[in-house]
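Here's the structure, in structure tokens; my notes come after.
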Amino acid sequence: MKIAIYLMTLAVALHASAADVQAFWGGAAYGMDVAQVQARVPQARVPDNPDELAGGEREGLRVEGVAVAGHRFQASYFFDGGALVQVDLVQEAPRAGRADLQVFQDVAAALEARHGAPAGSTQEDEPFERRRVHWQVAETQVALLLFQVGDASLVKVVYQVQR
């Protein structure tokens with residue numbers, strides 16, 4: 001009986017500590033350094049031409065050809081001060097026209113299956129179409145975005161911690 005109580009206590013403690021880690025896409029977690037992310041995501045490579053976010057966070061790793069809900073995305077891992085702060089999944093070879101609305105809907109369905117009902121959504125049509133659906137998973141916000149301007153569009157998923 002004591003062993004069963006010990007194992008249950010250990011399981012609860014391990015579950016609580018796992019919940020404290022803010023998980024991003026692909027097994028990476030907020031605050032990891034480049035080596036730790038590469039250990040979790042071995043196919044990640046340092047990009048030749050890294051992107052930079054508006055806040056100065058730099059893309060330290062990238063994975064091409066990531067499958068999300070049957071569609072191809074590029075995963076970009078952004079670091080600030082050596083620590084992972086954001087992961088972006090951007091649709092590779094965005095398709096023209098309303099085909100990307102289907103990509104958006106497919107990815108939304110996959111994220112809902114994984115994270116449950118969204119925490120919120122918005123849709124604006126002027127001056128161009130913008131859709132956003134987001135989930136709050138502990139302190140991690142997962143946002144799915146669609147931008148449609150004329151015949152061009154972009155589908156993007158963003159993982160970032162909201163503190």
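Going by the structure shown, is residue 35 free of Cβ contacts under 8 Å to residues at least 12 places away in the same chain, surrounded by fewer than 15 Cβ atoms within 10 Å (Cβ to Cβ), over 16 Å from the mean Cα position of the chain (by Cα) and in a loop (DSSP other than H, G, I, E, B)? Spelling it out, it is not the case that residue 35 is free of Cβ contacts under 8 Å to residues at least 12 places away in the same chain, surrounded by fewer than 15 Cβ atoms within 10 Å (Cβ to Cβ), over 16 Å from the mean Cα position of the chain (by Cα) and in a loop (DSSP other than H, G, I, E, B). Looking at the range 130-151, which of the residues that are of a type in the set (A, V, I, L, M) and either surrounded by 17 or more Cβ atoms within 10 Å (Cβ to Cβ) or in contact with a helix residue (DSSP H, G or I) (Cβ under 9 Å, 6 or more places away or on another chain) (or both) is farthest from residue 105 (Cα to Cα)? This residue is 138.
Cβ-Cβ distances below 7 Å connect the following pairs, each with a first residue in the range 99-121 that is part of a loop (DSSP other than H, G, I, E, B), a second residue that is among the polar types (S, T, N, Q), and a separation of six or more residues or different chains: 119/136. Could you go through the range 47-61 and let me know if any residue there is closer than 24 Å to residue 149 by Cβ and either in contact with a helix residue (DSSP H, G or I) (Cβ under 6 Å, 6 or more places away or on another chain) or β-branched (Val, Ile, Thr) (or both). No: zero hits. Name every residue in the range 67-78 that is surrounded by fewer than 20 Cβ atoms within 10 Å (Cβ to Cβ) and within 15 Å of the chain's Cα centre (by Cα), in order of residue number. Hits for the range 67-78 are 67, 68, 69, 72, 74.
A single member of 109, 75, 117, 44 is of a type in the set (A, V, I, L, M), at pLDDT 95 or above and out of contact with any strand residue (DSSP E or B) (no Cβ under 9 Å at 6 or more places or on another chain), and it is 109.
The values are calculated or read from the model by the stated rules, or taken from the named source; none is laboratory data. From a predicted model like this one, the values you see are computed outputs, not experimental measurements. Virtual Cβ from ideal backbone geometry, glycine too; neighbours counted across all protein chains shown.
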